[in-house]
Amino acid sequence: MYHMLKYNTTSLPDQALYCLRYYLLYDWHVCNEYSDLENNEDIDAKSFVHMFDNFRRNVEEDRRTWNSILIEKEYEHLWEGRYSLIASKYNCDGKLCW
């Protein structure tokens, strides 16, 4: 996802790309492991990555509830009313190069 978005968009902020690339490194952004390998850019991005991971975990928990409640038309409404606008804002609404 990181490489695809980096190649296809120019409007995503660096913090967003950091979040996509490093949120799985839980030991780094939560437990402060590997700090001896950090540069200044990593130190600045760590808080964004940690906030993104917390948000992602909360959404994942909520999604389990939504799946049993939402029907297909409601998913389409969410895409058309909200997420398509976000995709368009960051130039991710057309064909993407892989």
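Tabulated data
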{"read-out": "Residue under evaluation Y34, criteria (1) surrounded by 14 or more Cβ atoms within 10 Å (Cβ to Cβ); (2) free of Cβ contacts under 8 Å to residues at least 24 places away in the same chain, criterion not met", "value": "(1)"}
{"read-out": "Residue count, the range 6-25 (criterion: among the charged types (D, E, K, R), closer than 10 Å to A45 by Cα and in contact with a helix residue (DSSP H, G or I) (Cβ under 6 Å, 6 or more places away or on another chain))", "value": "0"}
{"read-out": "Filtered residue count, the range 1-15, keeping only those that are part of a helix (DSSP H, G or I) and touching a residue at least 40 places away in the same chain (Cβ under 8 Å)", "value": "4"}
{"read-out": "The range 22-31: number of residues that are modelled with pLDDT of 90 or more and surrounded by fewer than 13 Cβ atoms within 10 Å (Cβ to Cβ)", "value": "2"}
{"read-out": "In the range 17-59, the residues that are under 24 Å from K6 (Cα atoms), part of a helix (DSSP H, G or I) and of a type in the set (D, E)", "value": "E41, D42, D44, D53"}
{"read-out": "Residue tally, condition at pLDDT 80 or above and either hydroxyl-bearing (S, T, Y) or part of a loop (DSSP other than H, G, I, E, B) (or both), over the range 84-98", "value": "2"}
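The values are calculated or read from the model by the stated rules, or taken from the named source; none is laboratory data. Keep in mind it's a predicted model, so treat the numbers as computed, not measured. Heads up, the Cβs are rebuilt from the backbone with ideal geometry, glycines too, and the neighbour counts pull from every protein chain shown.
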